[in-house]
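The values are calculated or read from the model by the stated rules, or taken from the named source; none is laboratory data. Predicted model, so just to flag it, every value in this text is computed and none were measured. Neighbour counts are summed over all protein chains in view; Cβ atoms, including those assigned to glycine, are modelled from backbone coordinates with ideal geometry. Please note that ligands, DNA and RNA were not included when accessible areas were found on the heavy atoms of the full protein model with its side chains. Shrake-Rupley method; radii C 1.70, N 1.55, O 1.52, S 1.80 Å.
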Amino acid sequence: MAHEMILVETRGRVGLITLNRPKALNALCDQLMEELGQALRAFDADPAIGCIVLTGSEKAFAAGADIKEMKDRTYPAVYFDDFIGKRWETVLTVQKPVIAAVAGFALGGGCELAMMCDMIIAAENAKFGQPEINLGIMPGAGGTQRLTRAVGKSKAMDMILTGRMMDAAEAERSNLACRVVPVADLVTEAVKMGEKIASLSGPSVAMAKEAVNAAYEMTLKEGVRFERRLFLSLFSTEDQKEGMAAFAEKRPAQFRHR
Ligand SMILES: CC(C)(O)CC(=O)SCCNC(=O)CCNC(=O)[C@H](O)C(C)(C)COP(=O)(O)OP(=O)(O)OC[C@H]1O[C@@H](n2cnc3c(N)ncnc32)[C@H](O)[C@@H]1OP(=O)(O)O
């Protein structure tokens with residue numbers, strides 16, 4: 001399907017989605033979020049794709065929800081439209097890993113969207129923030145929860161209550177980003193990481209992702225039990241037989257994602 005606000009391409013087994021609304025710094029309007037949801041669902045359903053990279057421009061990953069679009073909305077309108085919920089959370093339903101490759105501003109909903117992904121690679125110029133407080137609102141797409149889990153209460157309070165931005169080095173130090181790379185290398189590095197993941201067994205990658213994400217929602221005991229169930233179930237896959245046989249035979253594994 002044709003998209004106006006995102007670019008969709010494939011690089012080997014990696015699906016690359018680029019937010020492409022440069023004049024508005026990739027502000028996340030309803031249409032953009034609909035298009036993003038469609039692209040994510042399509043890549044998730046495509047057996048030729050093993051990992052997804054989501055990126056923006058050099059200046060902005062995304063400067064948040066579209067303030068001009070939402071400023072005159074009423075409470076009944078946002079309530080009955082399930083504003084945020086139904087359009088924003090598709091990324092959370094994707095079984096394949098999603099890497100956020102962030103350059104420039106990742107603010108408000110932009111930071112929240114990046115945090116909904118499975119990991120964040122930051123370019124050296126990345127700036128993360130939850131500046132909603134300056135607009136007389138607060139984060140509404142998971143920022144108070146995911147930022148707090150990532151960087152801890154004190155730093156999350158600092159950012160959310162003052163609107164202060166965090167640069168890439170601080171984001172890596174604070175566990176918000178898994179690595180920092182030069183701006184010019186961002187997409188190449190993210191795709192390289194995506195290709196590595198996509199070359200591995202699809203079922204084990206998807207289940208490992210599910211188990212790590214479960215750590216946010218379960219007690220340690222429940223999470224370990226959940227992990228054990230998934231781990232044992234992988235002995236029913238061809239890829240487990242192939243991966244272990246390849247090790248024993250000292251040759252590279254040929255995973256078939258089943
Ligand atoms: C999801 C929720 C519930 O959590 C809510 C939110 O996300 S609320 C939004 C939170 N984000 C912000 O408050 C950031 C708003 N933007 C800025 O503060 C600045 O634009 C900046 C610091 C990111 C960049 O500043 P600068 O380089 O000076 O560029 P600008 O001239 O300000 O912006 C260029 C152009 O983009 C438009 N723009 C930027 N952000 C948004 C936005 N979030 N929504 C709509 N439009 C946005 C800006 O208006 C400019 O366009 P023109 O007015 O020149 O046409």
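Computed from the C-alpha gyration tensor, the three semi-axes of the ellipsoid equivalent to region 26-81 are 27, 17, 6 Å, from longest to shortest. A Cβ-based charge dipole, computed about the Cα centre of region 92-213 with Lys and Arg at +1 and Asp and Glu at -1, lands at about 260 debye. Which shape class applies to the chain: rounded if a/c is under 1.5, otherwise prolate when a/b exceeds b/c and oblate if not, where a ≥ b ≥ c are the square roots of the Cα gyration tensor eigenvalues? Cα axes put the chain in the prolate bin.
In region 6-198, the DSSP beta bridges split such that about 25 percent are antiparallel, to the nearest 5.
Amide H to amide H, with H built 1.01 Å from N, Glu124 comes under 5 Å of Val181, Val183, counting only residues 5 or more places away or on other chains.
Ranking Leu107, Ala177, Pro47 by Cα position along the charge dipole of region 6-198, where only Lys, Arg, Asp and Glu carry charges on their C-beta atoms, puts Ala177 farthest toward the positive end. The relative contact order of the chain, computed from alpha carbon pairs under 8 Å that lie at least 6 residues apart in sequence, is 17 percent. Helical content of the chain, expressed as a calculated mean residue ellipticity at 222 nm, amounts to -13000 deg cm²/dmol (DSSP H runs of 4 or more residues, -39,500 (n - 2.57) each, divided by residue number, nearest 500). Protection proxy ranking, highest mean first, for peptides 215-221, 121-127, 174-180: 121-127, 174-180, 215-221, where packing is the per-residue count of other beta-carbon atoms within 10 Å, averaged. Partners of Lys23 within straight-line reach, counting lysines whose Cα lies under 21 Å from its Cα and excluding those fewer than 8 residues away in the same chain: Lys59, Lys68, Lys71, Lys127. The mean accessible area for residues of the chain, using a 1.4 Å probe and ignoring ligands and nucleic acids, is 53 Å² per residue. When only Cα pairs below 8 angstrom with a gap of at least 6 residues are kept, region 143-258 shows a relative contact order of 18 percent.
Taking the Cα centre of the chain as origin, work out the dipole magnitude from +1 charges on Lys and Arg Cβ and -1 charges on Asp and Glu Cβ, in debye rounded to 20.
Using Cβ point charges on Lys, Arg, Asp and Glu, the chain gives about 640 debye.
Measuring nothing but protein heavy atoms, the accessible surface of the chain at 1.4 Å probe radius is 57 percent carbon and sulfur.
A cut-off of 5 Å between modelled amide H atoms, ignoring neighbours fewer than 5 places along the same chain, links Leu16 with Glu9, Thr10, Arg11, Val53.
Among the GluC sites (Glu not before Pro) within region 1-59, which fall in a DSSP loop and have no more than 16 other Cβ atoms within 10 Å of their own Cβ? Passing both the DSSP loop test and the Cβ count: Glu4, Glu58.
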